[in-house]
Amino acid sequence: MDNGTVGDILQKQRKSLGLSTRDIADRTFINEAYIIAIENGQYSQIRDAVYVRGFIRNYAEAVGLNGNMLIQYFNEETAADDARIPVKKKESDESRKALRKSVEVVSDKKKQPDKGMSRAEKWILAVIVILAVIFWIRFFYN
């Protein structure tokens with residue numbers, strides 16, 4: 001790629017169209033800070049490589065460039081510079097199982113119907129029953 005970095009290409013095209021980074025952010029719904037980071041080649045400012053590629057594609061299409069071609073340039077650029085974007089480590093099996101279990105517990109709680117009376121309601125009912133029995137005994141045996 002002899003036109004410079006992906007960010008350079010995007011920035012040149014944006015400026016040739018007379019657009020600001022804010023204009024691109026409004027058109028693409030990409031945070032303006034990410035637009036600036038891409039233009040400056042600061043890909044590590046963006047959460048993950050998947051997002052960087054998506055943002056580059058959307059930005060390119062917003063300024064009339066081939067998004068897939070710029071993704072290819074981006075892959076070459078990051079491989080050539082050995083400036084790979086840090087990617088989140090895959091979760092261990094144990095943490096995935098724990099997460100899945102916690103999600104199941106939460107979803108099970110949502111699915112469970114009301115189990116009935118609360119402790120306070122049970123006490124109130126017990127007091128009413130006891131008073132009714134006392135009243136019945138006093139009324140019929142006196």
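Laboratory data are not the source of any read-out in this text; all were calculated from the coordinates shown. This one's a predicted model, so the numbers in the text were calculated from it and none came from an experiment. Positions of Cβ are backbone-derived with ideal geometry, glycine not excepted, and every protein chain shown enters the neighbour counts.
Observations on the structure shown:
- Order by protection proxy (mean Cβ within 10 Å, highest first), peptides 130-140, 5-15: 5-15, 130-140
- Spin-label model distance (nm) - ASP8 vs ARG138, 7 Å beyond Cα toward Cβ: 9.8 nm
- Separation of the ALA126 and ASN58 label points, Cα + 7 Å toward Cβ, nm: 5.9 nm
- Computed from backbone phi with θ = phi - 60° and the Karplus coefficients 6.51, -1.76 and 1.60, the 3J(HN,Hα) list for the stretch 25-38 is 4, 5, 6, 9, 6, 9, 3, 4, 4, 6, 4, 5, 4, 5 Hz; x is used for glycine and proline.
- Per-selection metrics, the stretch 9-68 (Cα): Rg and Dmax in Å: 10.3, 29
- Put a dot 7 Å past the Cα of SER118, heading toward its Cβ, do the same for GLU76, and the two dots end up 6.7 nm apart.
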